[in-house]
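Taking it in order: structure first as structure tokens, then the write-up.
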């Protein structure tokens, strides 16, 4: 005899989403992201990197459901780079030679030359 049954489970709504960098500030203490609560969400947001120093960081995200349960943390590695002031770039000398080599450095000027065009 073959028996069958149907099972339906309603997932709880996800009601909160927060993110933080590098270290966990504690549940509910991250930066909150607004979205419409639902049991299945896709959220796009702009994280505020302004307070971070340049370098590698971890962007961490978690959600909370309507029952008060927090998810595991999703982590992504990021690199923050602040471009130099354009007036500083104007003071830098032009790159006039470019060369490449494989495995062993043949010395300055002895690699395979590549034509260089100034971008300024």
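The values are calculated or read from the model by the stated rules, or taken from the named source; none is laboratory data. From a predicted model like this one, the values you see are computed outputs, not experimental measurements. So basically every Cβ, Gly included, is an ideal-geometry build from the backbone, and we count neighbours across all protein chains shown.
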For region 51-71, give me each residue that is part of a strand (DSSP E or B) and on the phi < 0 side of the Ramachandran plot. 56, 57, 58, 59, 60, 61, 62, 63, 64, 65, 70
Right, residue 28: on the phi > 0 side of the Ramachandran plot and in a loop (DSSP other than H, G, I, E, B) or not? yes
Only one residue in 43, 33, 96 is out of contact with any helix residue (DSSP H, G or I) (no Cβ under 6 Å at 6 or more places or on another chain) and modelled with pLDDT under 90, so which one is that? 96
Going by the structure shown, is residue 44 exposed (fewer than 11 other Cβ atoms within 10 Å of the Cβ), free of Cβ contacts under 8 Å to residues at least 24 places away in the same chain and either within 17 Å of residue 78 (Cβ to Cβ) or under 11 Å from the mean Cα position of the chain (by Cα) (or both)? yes
Which of the residues spanning region 72-119 are surrounded by 11 or more Cβ atoms within 10 Å (Cβ to Cβ), free of Cβ contacts under 8 Å to residues at least 40 places away in the same chain and in a loop (DSSP other than H, G, I, E, B)? 97, 101, 106, 111, 116
Looking only at region 14-36, count how many residues are over 18 Å from the mean Cα position of the chain (by Cα) and surrounded by 15 or more Cβ atoms within 10 Å (Cβ to Cβ). 4
With respect to residue 56, is the statement that it is more than 18 Å from residue 71 (Cα to Cα) and modelled with pLDDT of 95 or more true? yes
